[in-house]
Amino acid sequence: MTSASGFSCSPSRLREIAADILKYARKKGASACETDVSEGFGQSVTVRKGAVETIEYNRDKGIGVTVYLGQRRGQASTSDFSRAALESTVDAALSIARFTAPDPCAGLADKALMARECPDLDLFHPWEFEIGEAIALARRCEEAAFAVDPLIRNSEGANVSTQQSHFVFANSLGFMGGHASSRHGLSCAVIAGEGDAMQREYWHDARRDAADLTRAEEVGRIAGERTLARLGARKIRTREAPVIFEAPIAVGLIGNFVQAASGGALYRRASFLLDALGQQIFPPAIDISERPHLPKTFGTSWFDNDGVATRDREVVAGGVLQGYFLSTYTARKLGLQTTGNAGGSHHLRVKAGEDGLAGLLKKMDKGLLVTELLGQGVNYVTGDYSRGAAGFWVEKGRIKYPVEEVTIAGNLRDMFRGIVAVGNDALPRGAKQCGSVLIERMKIAGK
């Protein structure tokens, strides 16, 4: 496995390319220009039933160019780093801009908002292993899943992956910044039972530093135990009941919130959170913070895709919406100030409660623990929410039996307000950190 030296371009070369693009765009008459130059590569190995199923390598690079002729904007991209290709890409972007209608909100961010310092956030940890090592690691993971119980008879495979990339973003205001980052993962999915009684489950982990990954044997064991627990799943009768979203899927609820609170949905008037700033949208116990400068985590950066400096902020405090997720463009469309969220939200954390999942089950007493969601039934205009689900029926605070083929439904506005508690079992494998979430009541459609 290659390491940092595996990049075909050095950081200084990326900066040189970005500077050349800005210089050429200015020469050709652009009033402003911004560019993103990036490169990445990685590899993954999948083992299924002890045999190597796939070994994949990937390598890519790209350049995106946005030019402005006043308030007219043009964009073009290329994967060719030659000078001729860079110049033709700028020319293409300029050609598009000349035929584009002026947009009063188009243009670079204010210079005063640009990030000035970008200290190292410890995001780059190359993982150097030989293919044989990766295969052995995947095998140990899968073997641990099979060892859980003889009823685990089949596998969709165990996967080991590593990816590293670096980029430079620059604009004609004098901003230039970038960094290298890495992402490593380990996953396992197995099948238990036989015939029509088969069930599938999985587990995975992802980290910046491979040394922080959950042990392969542990990932496999958890995958096996989760699969075994699904055997004997049944439908339940249609009803209304409390629902717990297990931590791995509770982050999806936070993703729903981010989408509804994002500038693109707001200025298009396609969000149920339109004009919700300062309103109580969660219970008073809910706080959601954005922490873009935490080292060694996902979703962190000193600047956004506009070059605007990021900052720590409380997006939700005491259940009250304190801020949206706005880029320079969407902020101008709304008559507001950018929040440094061009490209999306940064590292988000939902304040944890006192209880783990077991404590939430006791608090719920009777209801549905959801461990899997199916489908994409979310309407962000109205907030209506309807998803296929599977999990476990709970009585007297304890899991009674597995459940499948049900649909849970509600409205995100009501679901957010109906959050009873958030667990302290958040997982560190993504850019959104949220423990399991107990919602007071949802519709459950079954038999």
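Within the stretch 114-212, which strands (runs of 3 or more DSSP E) (wholly inside it) include 1 or more residues that are among the basic types (K, R) and farther than 30 Å from T66 by Cβ?
Working: elements: 152-171, 176-192, 199-207.
Where strands (runs of 3 or more DSSP E) fall fully within the stretch 114-212 and carry at least 1 residues being among the basic types (K, R) and farther than 30 Å from T66 by Cβ, they are 152-171, 199-207.
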Discussion item. Free of Cβ contacts under 8 Å to residues at least 40 places away in the same chain and touching a helix residue (DSSP H, G or I) at 6+ places or on another chain (Cβ under 6 Å): which single residue out of Q376, Q337 fits that description?
Written reply: Q337
Item to complete: Among the residues of the stretch 58-91, count how many are among the aliphatic types (A, V, I, L, M), touching a residue at least 24 places away in the same chain (Cβ under 8 Å) and over 16 Å from A19 (Cα atoms).
Response: 1
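Being open to solvent by 30 Å² or more (accessible area, probe 1.4 Å) and more than 27 Å from G299 (Cα to Cα) is true for just one of V52, V47. Which residue is that? Give the steps one after another, and end with the answer.
Working: V47 fails: open to solvent by 30 Å² or more (accessible area, probe 1.4 Å).
V52 is the lone residue from the list that is open to solvent by 30 Å² or more (accessible area, probe 1.4 Å) and more than 27 Å from G299 (Cα to Cα).
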Worksheet item: Does any residue in the stretch 342-362 that is within 21 Å of V320 (Cα to Cα) come within less than 6 Å, Cβ to Cβ, of a residue that is hydroxyl-bearing (S, T, Y) and outside any loop (DSSP other than H, G, I, E, B) six or more places away or on a different chain, and which pairs are these?
Response: R349/S289
Worksheet item: Say we look at the stretch 362-381 and pick out the residues that are of a type in the set (A, V, I, L, M, F, W, C) and open to solvent by less than 30 Å² (accessible area, probe 1.4 Å); which of these is farthest from P242 (Cα to Cα)?
Response: V370
Response to the item:
Across the stretch 294-315, the tally of residues that are touching a residue at least 40 places away in the same chain (Cβ under 8 Å) and either among the hydrophobic types (A, V, I, L, M, F, W, C) or surrounded by fewer than 17 Cβ atoms within 10 Å (Cβ to Cβ) (or both) stands at 9
Item to complete: Could you run through the stretch 424-445 and say how many residues are more than 20 Å from the chain's Cα centre (by Cα) and open to solvent by less than 30 Å² (accessible area, probe 1.4 Å)?
Response: 4
Worksheet entry | Any pair with Cβ under 6 angstrom, 6 or more apart, that starts in the stretch 253-282 at a residue that is within 15 Å of E314 (Cα to Cα) and β-branched (V, I, T) and ends at one that is in a loop (DSSP other than H, G, I, E, B) and modelled with pLDDT of 95 or more | I254/C434; V258/S345
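When you go through S88, S77, S82 one by one, which is the residue that is under 28 Å from the mean Cα position of the chain (by Cα), under 20 Å from D36 (Cβ atoms) and open to solvent by 40 Å² or more (accessible area, probe 1.4 Å)?
Values: S88 fails: under 28 Å from the mean Cα position of the chain (by Cα); S82 fails: under 28 Å from the mean Cα position of the chain (by Cα).
Of the residues listed, the single one that is under 28 Å from the mean Cα position of the chain (by Cα), under 20 Å from D36 (Cβ atoms) and open to solvent by 40 Å² or more (accessible area, probe 1.4 Å) is S77.
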Worksheet, complete the sentence: The strands (runs of 3 or more DSSP E) lying wholly within the stretch 267-361 that contain at least 1 residues that are within 30 Å of K396 (Cα to Cα) are 348-350
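When only residues in the stretch 217-232 that are open to solvent by 20 Å² or more (accessible area, probe 1.4 Å) and assigned to a loop (DSSP other than H, G, I, E, B) count, which is nearest to V190 (Cα to Cα)?
Step one: of the stretch 217-232, the residues open to solvent by 20 Å² or more (accessible area, probe 1.4 Å) are 217-218, 221-222, 225-226, 228-229, 231-232.
Still in the running and assigned to a loop (DSSP other than H, G, I, E, B): 231-232.
Working: L231: 12, G232: 16 Å.
Filtering first and then ranking leaves L231.
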Fill in: Set T162, T214: member being free of Cβ contacts under 8 Å to residues at least 60 places away in the same chain, open to solvent by less than 60 Å² (accessible area, probe 1.4 Å) and farther than 20 Å from G50 by Cβ
T214
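The values are calculated or read from the model by the stated rules, or taken from the named source; none is laboratory data. For clarity, every value in this text was computed on a predicted model and none was experimentally measured. Methodologically, a virtual Cβ is constructed for each residue, glycine included, from the backbone with ideal geometry; neighbour enumeration extends over all protein chains shown. Note: accessible area is taken over every heavy atom of the protein model, side chains too, but ligands, DNA and RNA are not part of it. Shrake-Rupley method; radii C 1.70, N 1.55, O 1.52, S 1.80 Å.
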